[in-house]
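The values are calculated or read from the model by the stated rules, or taken from the named source; none is laboratory data. Treat the numbers as computed from the prediction; the structure is a model and nothing was measured. Here the Cβ positions follow ideal geometry from the backbone for every residue, glycine too, while neighbour counts run over all protein chains shown. Remember, those area values only see protein heavy atoms, side chains included, never the ligands or the DNA or RNA. Shrake-Rupley method; radii C 1.70, N 1.55, O 1.52, S 1.80 Å.
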Amino acid sequence: MFQRILVANRGEIALRIIRTCHELGIETVAVYSEADRNASYLELADESYCIGGNSSAESYLMINRIISAAEVGNVQAIHPGYGFLAENSHFAEVCRSCNIEFIGPPHEAMKQLGDKVTARKIARDAKVHTVPGSEGLIEDEAEALRVAEEIGYPVLVKATAGGGGKGMRVARNDISLKSCLSSAAAEAEKAFNNAGVYLEKYIENPRHIEVQILADQHGNAVHLWERDCSLQRRHQKLVEETPAPDLPNAVREDICKAAIRLVKSSGYANAGTVEFLVDSQFQFYFIEVNARIQVEHPVSEQVTGIDLIEQQLRVAAGEELGLSQRNVPCNGSSIEVRINAEDPANDFRGSPGTITGMKVPGGRGIRFDSHIHVGYRIPPFYDSLIGKLIVHRPTRAESIRCMKRALEEFRIEGIHTTIPLLQQIFNHTAFVEGRVDTGFIERELL
Ligand code: ADP
């Protein structure tokens, strides 16, 4: 096992990783931007280094500075967390060429799966259903019109390098398809330096169900069941839960097996998530692989009792998975809500600033993963996620009651948060009855 690792991230996930390292007796080196200089979680690391200015482009995305910090800090491995460089295969390759292990998949697998058109091909070869759409990249308008005619409108133009919902456009006829093609390509070029786009059938109001997997470097892989992440705003998840409500058992088994097949055929190792869309007939379609730990990983930890960060470290250190599918239980129900510093009453405008008062809920079944505290100043430069509130109870009904009670107790003063919207969700009959889909929030609540 590693003795010392560097955490190339910030905020809640940096703290989350540092905590598991402490439990395992692994020393940690943290890095931070100027804006995060006073973050209190840095005190929990054994060492920390400033790697640059406020923006992520000047700090958390600076590969050379992170590698320098890793060398000065004398670490054996780097954990990238999520976001920033977590799915950058070049970074993974640079780490390994500097003899620093990258705590994530092999860079070849990351590169292939990170390209969605290639990932779709890998899925098809592994006999996993993909959303009907173009075979590969769309070369020209004529091809797009032909594919759209074949699969039928509405269609979704998606960026092959996509992430965070960028470079994605719904087209409902030929005219809009033409303009969506160029605007999606332009947005993708700007965001990812890659203008490649492809077409998928646009599935109306699907559910988003994903499977957590863990694979080692010796060919073993297990799944940690599914998560339902259908509650989204602008394709960004807000509430995640496991098990997925009302998913027939046979479908659940099939979807988990499909995820394992895909992962095994792609030379993958470490933690990852295989994402699917599920239609109203419970037909599921692969959409993408997230080759990293995800924000919503805690719900899977709660029901399985497995520490995913610990497993990531063990696998990266070359250990065999000490788990077989039989000993991955799914006990009870777990739900996570994302608390973002945003104002839901004001078009979700970011709400950075100083937390002047705070009361965090506690009691049975509650976990709060966060780096915030009274006096903490939320910088305006990064993602607005400031904490994740997770409940774990024997049944979904009890988890919902627990979450409602916890959200009522929660006080965060000085900034706006998504808590009022989350309360609306937990009071909504359709959600309580498990009738969720990706259009729910925009249709029912906004
Ligand atoms: P990104 O990597 O940009 O987050 P994903 O492919 O993971 O993009 O899709 C994000 C979300 O967008 C999904 O959870 C779903 O809500 C929506 N989405 C993606 N593909 C489709 C599709 N073919 N039909 C309907 N909705 C889709």
**Prompt:** Using 0.36 nm per residue, how much length does the chain from Arg96 to Glu23 gain when fully extended, once their Cα-Cα distance is taken away?
**Reply:** 23.7 nm
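Would you work out the relative contact order for segment 342-446, in percent, from Cα pairs under 8 angstrom that are 6 or more residues apart?
Working: 136 pairs, mean separation 33.0, N = 105.
Averaging sequence separation for qualifying contacts and normalising by length gives 31 percent for segment 342-446.
State whether segment 132-201 is rounded, prolate or oblate according to the following rule on the C-alpha gyration tensor (a ≥ b ≥ c being the square roots of its eigenvalues): a/c under 1.5 gives rounded; otherwise a/b larger than b/c gives prolate, and the remaining case gives oblate.
prolate
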**Whole-Hz ³J(HN,Hα) from phi, Karplus 6.51 cos²θ - 1.76 cosθ + 1.60, for segment 77-91, glycine and proline x** = 7, 10, 9, x, x, 10, x, 6, 9, 4, 10, 9, 5, 5, 4
**Item:** Cα-derived Rg over Rh, computed across segment 44-87 with Rh taken as Kirkwood radius
**Value:** 0.94
**Asked** Given a 1.4 Å probe and every protein chain left where it sits, what share in percent of the accessible area of segment 94-133 is carbon and sulfur?
**Response** 53
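What does the convex hull of the Cα atoms of segment 389-433 come to per residue, in Å³, rounded to a whole number?
Values: hull volume 2.8 nm³, N = 45.
It is 61 Å³ per residue.
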**Message:** Over the chain, with a Gaussian network built from C-alpha contacts below 10 Å, which listed residue (Gln281, Gln76, Gln424) shows the highest mean-square fluctuation?
**Reply:** Gln281
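Which value, in Å to one decimal place, does the Kirkwood hydrodynamic radius take for segment 4-103 when every pair of different Cα atoms is included?
Numbers: mean 1/r = 0.0768 Å⁻¹.
The answer is 13.0 Å.
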**Prompt:** What Kirkwood radius, in Å to one decimal, follows from the Cα pairs of segment 203-349?
**Reply:** 15.8
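So, with +1 on the Cβ of K and R and -1 on the Cβ of D and E, and no other charges, what is the size of the charge dipole of segment 207-444 about its Cα centre, to the nearest 20 debye?
Working: 27 positive and 32 negative charges, 75 e Å.
With only Lys, Arg, Asp and Glu charged at Cβ, the dipole is about 360 debye.
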**Request:** Provide, in order from the shortest bin, the percent of all Cα-Cα pairs of segment 368-407 in each 10 Å bin, continuing until the bin that contains the maximum pair distance.
**Result:** 25, 39, 25, 11
**Prompt:** Put a dot 7 Å past each Cα toward the Cβ at Glu442 and Asp254; how far apart are the dots in nm?
**Reply:** 2.8
**Asked** Which chymotrypsin sites (Phe, Trp or Tyr not before Pro) from segment 325-427 combine a DSSP loop assignment with at most 11 other Cβ atoms within 10 Å?
**Response** none
**Fill in**
Restricting to Cα pairs under 8 Å and 6 or more apart, the percent relative contact order of the chain works out to 14
**Request:** Would you check the accessible area of Ile255, probe 1.4 Å, heavy atoms only, in square angstrom rounded to 10?
**Result:** 0
**Fill in**
Around Thr356 (Cβ within 14 Å, Cβ-to-Cβ, excluding Thr356; K/R +1, D/E -1) the net charge comes to +2
**Request:** Would you mind getting me the FRET efficiency between Cys50 and Gln3? Use the beta-carbon distance for r and R0 = 22 Å, nearest 0.05.
**Result:** 0.40
**Asked** Around Ile67, what is the net charge, scoring Lys/Arg as +1 and Asp/Glu as -1 over all other residues with Cβ under 14 Å from its Cβ?
**Response** -1
**Fill in**
Cα pairs beyond 21 Å in segment 262-388, in percent, come to 58
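Per residue, how large is the accessible surface of the chain? Use a 1.4 angstrom probe and give square angstrom. Don't skip to the end; give the middle numbers.
Values: 18040 Å² over 446 residues.
Value returned for the chain: 40 Å² of accessible area per residue.
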**Complete:** Going residue by residue through segment 255-266, the Karplus relation 6.51 cos²θ - 1.76 cosθ + 1.60 with θ = phi - 60° gives ³J(HN,Hα) values, rounded to whole Hz and with x marking Gly or Pro, of 5, 5, 5, 4, 4, 5, 4, 4, 5, 5, 7, 10
**Request:** In whole Å, largest first, what are the principal axis extents of the Cα atoms in the chain?
**Result:** 59, 51, 45
**Accessible area of segment 256-295 belonging to carbon and sulfur atoms, whole % at 1.4 Å probe** = 50
**Request:** Rounded to whole Hz and in sequence order, give me ³J(HN,Hα) for segment 401-411 from the Karplus expression 6.51 cos²θ - 1.76 cosθ + 1.60, θ = phi - 60°, writing x for Gly and Pro.
**Result:** 4, 5, 5, 4, 5, 5, 5, 5, 5, 5, 10
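What is the sum of charges around His371, taking Lys and Arg as +1, Asp and Glu as -1, for the other residues whose C-beta is under 15 Å from the C-beta of His371?
Values: positive: Arg10, Arg16, Arg19, Arg37, Arg338, Arg367, Arg377, Lys388; negative: Glu12, Asp36, Glu43, Asp369, Asp383.
Charge balance in the 15 Å sphere: +3.
How many percent of all Cα-Cα pairs in segment 205-283 sit more than 14 Å apart? It would help to have the intermediate numbers written out before the result.
Values: 1835 of 3081 pairs.
Roughly 60 percent, once rounded to a whole number.
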**Fill in**
Projecting the Cα atoms of Val155, Ser351, Thr395 onto the charge dipole of the chain, where Lys and Arg contribute +1 and Asp and Glu -1 at Cβ, the residue farthest towards the positive end is Thr395
**Segment Leu137-Asn64, extension gain: residue separation times 0.36 nm, minus the distance between their alpha carbons** = 23.0 nm
**Asked** Rg and Dmax of segment 346-446 over Cα atoms: what are they, in angstrom?
**Response** 14.6, 39
